[in-house]
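Worksheet: one structure, shown below.
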Amino acid sequence: MQKGFIKNKEDFTCEQCGLFVQGNGYTNHCHNCFHSKHVDIQPGDRAADCKGLMKPTEVSGSTRNITITHTCALCGFTRNNKLQEEDNVTKLAELITVLNSRK
Ligand SMILES: [Zn+2]
Ligand SMILES: [Zn+2]
């Protein structure tokens, strides 16, 4: 693999809202509440022992190229993730509103 991304299809159930997320090899966060899990050291490697809940803490970028920053609730590890096609844009708008109101 040239890009350092190990494709790893994996279904998971969101620990935050209980949504069942069907893995497409790139999905690493819930499409509903955008929470993720600290399972990777390099994207897709599932090599992290932490397994902490990764909370969406920042949304940046423009409409077509949105980046969601996740921060691990346990160890503080942060990672940037691209918005996925399956992501719920209505929920994303709500998330942005919540994040902005905290600033
Ligand atoms: Zn969720
Ligand atoms: Zn962690």
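Below, the figures for the structure above:
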{"read-out": "Difference of contour (0.36 nm per residue) and Cα-Cα distance, S62 to R102", "value": "12.4 nm"}
{"read-out": "The chain - Kirkwood radius from inverse mean 1/r over Cα pairs (Å)", "value": "13.9"}
{"read-out": "Sparse-neighbour loop sites [trypsin sites (Lys or Arg not before Pro); the stretch 46-85; at most 14 other C-beta within 10 Å; DSSP]", "value": "R46, K51, R64"}
{"read-out": "Estimated vicinal HN-Hα couplings, Hz - the stretch 86-96 in sequence order (Karplus 6.51, -1.76, 1.60; Gly, Pro = x)", "value": "6, 5, 7, 5, 5, 5, 5, 4, 5, 4, 4"}
{"read-out": "Residues with amide H under 5 Å from that of V59, placed H, sequence gap 5 or more", "value": "T69"}
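Read-outs throughout are calculated quantities, based only on the coordinates presented, and are distinct from any laboratory measurement. Please read all numbers here as calculations on a predicted model, not as lab measurements. Please note: Cβ atoms are built from the backbone with ideal geometry, for glycine as well, and neighbour counts cover all protein chains shown.
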